[in-house]
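Asker: Quick one: the structure is below, and I'll ask about it shortly.
Bear in mind that the values in this text are calculations on the coordinates, not laboratory data. Computed from a prediction, not measured in an experiment: that's the story for all the values here. In this analysis, Cβ positions are derived from the backbone assuming ideal geometry, glycine residues included, and neighbour counts consider all displayed protein chains.
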Amino acid sequence: MAIIAGGVRAVSFTRHGVGAARLAVQREVFRAACAERGWVAGGEVSQIGAGGGEGRAWDVVRRLVRSRRYDVVVVDALDTIGATARDIARELVLLRHAGVRLVVAEFGWDTAVVGSFGPGFGQFGASVALAGAAA
């Protein structure tokens, strides 16, 4: 893995079960998001299958960030995080509690930049809060 002094190291999270074409799009979005921000595009953690996988792949991501191998996780779209709204909300809460910075390229959301979340996030944010209370 190439590391640039002072550079942000990013890891891609993809869902392998979405098919080859969508997987290629996920990878391209990751590279473009990193290039746009001047980040080092690092590795990829891929969820095998279309389902949420009960967070096994996300466990790997959290460990990589906590061990400081990567600074930020990039996903192409919100539905890449999980198969259902409940899966997505659960993972967002777990990522937040683990201190993982997440970028959702589809909307330009960056958990390190509060202003990146537009008004449409409010309703989803409420479901994240509810999922966090249930966890």
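Asker: Mind sorting 12, 67 by how few other Cβ atoms lie within 10 Å of their own Cβ, fewest first?
Answerer: In increasing order of surrounding Cβ atoms, one gets 67, 12.
Asker: If each residue's Cβ is checked for other Cβ atoms within 10 Å, how do 106, 36, 91 rank with the fewest at the top? Numbers along the way, then the final one.
Answerer: On the way: 106 13, 36 9, 91 24.
In increasing order of surrounding Cβ atoms, one gets 36, 106, 91.
Asker: Also: If I stretch the segment between residue 27 and residue 67 completely, what's the gain in nm (0.36 nm per residue apart, minus their alpha carbon distance), one decimal?
Answerer: On the way: separation 40, 0.36 × 40 = 14.40 nm, distance 2.32 nm.
Answer, rounded to one decimal: 12.1 nm.
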